[in-house]
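Chemist: Could you have a look at this structure, given as structure tokens, before my questions?
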Ligand code: HAM
């Protein structure tokens with residue numbers, strides 16, 4: 001095929017066979033979020049660039065290297081959202097959602113954009129399912145959020161997801177930590193990559209998540225944030241762990257886990273997939289971000305799951321996805337008059353919520369019946385001149401070929417409902 005162009009690098013089409021699986025996973029996540037009192041928010045795909053620069057931190061990989069930023073026709077700098085949190089915080093404030101009382105609990109499911117080198121689980125357009133909770137300062141909120149994600153993984157049949165946990169403290173305890181890091185890395189400057197060298201003064205914590213093997217080797221011996229936590233941050237972290245333990249949730253403490261974005265405070269966590277070897281998602285507290293974006297000081301926390309990665313993990317774990325329902329009833333018709341009748345019966349079934357279909361390709365009867373089998377119809381009904389004249393037809397159960405007479409007149413729906421209910425009960 002001679003296409004004028006292919007999908008851009010780092011993007012993926014989701015075909016119907018995939019979207020059926022995606023929707024099942026998304027429905028599980030949504031139902032878990034709603035069970036926990038979260039409601040959906042939708043925000044724009046692009047925002048003014050400064051929201052992400054200020055929100056995520058201008059000395060981060062995402063902001064420095066990965067944003068899709070451009071000037072619009074009026075000369076304003078706008079950026080395709082590289083993540084959900086900053087936009088959701090802005091929207092929560094701009095729409096005064098805090099007026100309804102705390103905690104404000106929001107979830108979203110959205111494509112995000114990062115200019116990255118595409119590889120397995122790393123795309124330029126990727127989908128994130130995320131949740132954000134505002135106004136909840138207690139460690140119980142951290143545990144509730146983590147438990148919710150793990151419960152959704154379990155409900156999907158995903159059993160190889162771990163939990164890595166750390167606390168990166170608050171600005172007060174981080175001041176001393178930054179000094180310690182600066183001292184440590186300054187003494188090892190020669191081994192650092194140019195990006196890390198440039199971060200040494202402005203943001204030494206970012207050196208801890210540099211991907212260069214040389215920087216990683218140096219970072220392995222760096223001072224640990226957990227040795228610098230203030231009393232309040234220590235108490236918060238130990239209570240988060242106590243809550244998780246009480247909920248029977250296993251976790252690994254990882255003092256090297258700092259996350260790649262600047263807004264985090266205190267608890268940070270990731271959900272590594274053991275079989276894939278990378279994180280399906282991550283999140284944490286960001287108690288300073290709401291104020292930084294222009295609101296009143298508000299404790300907040302959340303997580304984001306990479307849907308593309310989650311789907312890879314589900315496939316890898318050979319999770320059984322439910323079969324999508326294409327049509328419960330297929331009505332085959334011969335001739336124009338029968339086709340009109342088929343359309344109206346299909347329509348009547350739809351109004352009662354029964355998935356139903358009929359031929360619209362001008363196929364012969366044999367081909368129509370073959371199609372009914374292909375789409376997995378539970379019942380078929382053949383309409384021709386005889387059936388129209390008698391006002392009756394044979395409803396055939398496709399699994400065993402048994403038939404039941406059914407009116408195709410005014411009582412069609414009542415009779416169909418009664419027959420299918422009987423057969424459901426095995427009568
Ligand atoms: P993040 O760790 O940068 O956090 O992204 C969240 C998840 O999105 C990652 O764990 C990963 O599964 C997925 N992800 C990120 N980049 C890509 C990519 N290029 N291709 C495929 N998947 C990707 C955040 O974005 C935070 N906003 C999460 C959060 C919400 N923290 C608090 N609230």
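Chemist: What is the residue count in region 258-272 for residues that are farther than 24 Å from residue 174 by Cα and within 9 Å of the ligand (Cβ to nearest atom)?
Modeler: 1
Chemist: Continuing with this model, one more query. Looking for something closer than 27 Å to residue 293 by Cβ, touching a helix residue (DSSP H, G or I) at 6+ places or on another chain (Cβ under 6 Å) and within 15 Å of the ligand (Cβ to nearest atom) - is there at least one such residue anywhere in region 23-31?
Modeler: The answer is yes; a qualifying residue exists.
Chemist: State the number of residues belonging to region 225-240 that are in contact with a strand residue (DSSP E or B) (Cβ under 9 Å, 6 or more places away or on another chain) and in a loop (DSSP other than H, G, I, E, B).
Modeler: 1
Chemist: Additional query: Quick check on region 374-391. Is at least one of its residues at positive phi and more than 37 Å from the chain's Cα centre (by Cα)?
Modeler: yes
Chemist: Six or more apart or on different chains, Cβ atoms under 8 Å: show the pairs whose first residue is in region 300-322 and in contact (Cβ under 8 Å) with a residue 40 or more places away in the chain and whose second is part of a helix (DSSP H, G or I) and near the ligand (Cβ under 6 Å from one of its atoms).
Modeler: 302/85; 304/85
Chemist: Of the residues 158, 150, which single one is more than 10 Å from the ligand (Cβ to nearest atom) and either at positive phi or not in a helix (DSSP H, G or I) (or both)?
Modeler: 158
Chemist: Would you point out the residue of region 99-140, among those that are out of contact with any strand residue (DSSP E or B) (no Cβ under 6 Å at 6 or more places or on another chain), away from the ligand (no atom under 12 Å from the Cβ) and outside any loop (DSSP other than H, G, I, E, B), that is nearest to residue 78 (Cα to Cα)?
Modeler: So, considering only residues that are out of contact with any strand residue (DSSP E or B) (no Cβ under 6 Å at 6 or more places or on another chain), away from the ligand (no atom under 12 Å from the Cβ) and outside any loop (DSSP other than H, G, I, E, B), the one nearest to residue 78 (Cα to Cα) is 99.
Chemist: Right, something else. With the requirement that a residue be in contact with a helix residue (DSSP H, G or I) (Cβ under 6 Å, 6 or more places away or on another chain) and at pLDDT 95 or above, what does region 42-56 give you?
Modeler: 43, 47, 51, 52, 53
Chemist: Quick one: which residue in 115, 108 is touching a residue at least 24 places away in the same chain (Cβ under 8 Å) and either within 19 Å of residue 314 (Cα to Cα) or out of contact with any helix residue (DSSP H, G or I) (no Cβ under 6 Å at 6 or more places or on another chain) (or both)?
Modeler: 108
Chemist: Right, next: Of 289, 314, 301, which residue is within 14 Å of the ligand (Cβ to nearest atom) and under 30 Å from residue 354 (Cα atoms)?
Modeler: Within the list 289, 314, 301, the selection yields 314.
Chemist: Something else now. Could you look through region 277-286, keep only residues that are surrounded by fewer than 21 Cβ atoms within 10 Å (Cβ to Cβ) and near the ligand (Cβ under 10 Å from one of its atoms), and pick out the one that is nearest to residue 240 (Cα to Cα)?
Modeler: So, considering only residues that are surrounded by fewer than 21 Cβ atoms within 10 Å (Cβ to Cβ) and near the ligand (Cβ under 10 Å from one of its atoms), the one nearest to residue 240 (Cα to Cα) is 279.
Chemist: Next up: Consider residue 410 against the criteria (1) out of contact with any strand residue (DSSP E or B) (no Cβ under 8 Å at 6 or more places or on another chain); (2) surrounded by 12 or more Cβ atoms within 10 Å (Cβ to Cβ); (3) not in a helix (DSSP H, G or I): it satisfies all of them except one. Which criterion is unmet?
Modeler: Status for residue 410: all satisfied but (2).
Chemist: Go through region 351-399 and give me each residue that's in contact (Cβ under 8 Å) with a residue 40 or more places away in the chain, out of contact with any helix residue (DSSP H, G or I) (no Cβ under 9 Å at 6 or more places or on another chain) and more than 22 Å from residue 421 (Cα to Cα).
Modeler: The one that is in contact (Cβ under 8 Å) with a residue 40 or more places away in the chain, out of contact with any helix residue (DSSP H, G or I) (no Cβ under 9 Å at 6 or more places or on another chain) and more than 22 Å from residue 421 (Cα to Cα): 371.
Chemist: Which of the residues belonging to region 54-65 are within 14 Å of the ligand (Cβ to nearest atom) and buried (at least 17 other Cβ atoms within 10 Å of the Cβ)?
Modeler: 55, 56, 57, 60, 61, 62, 63
The values are calculated or read from the model by the stated rules, or taken from the named source; none is laboratory data. No experiment lies behind these values; they were computed from the predicted model shown. A quick note on method: Cβ atoms are made from the backbone with ideal geometry, for glycine too, and the neighbour counts reach across all protein chains shown.
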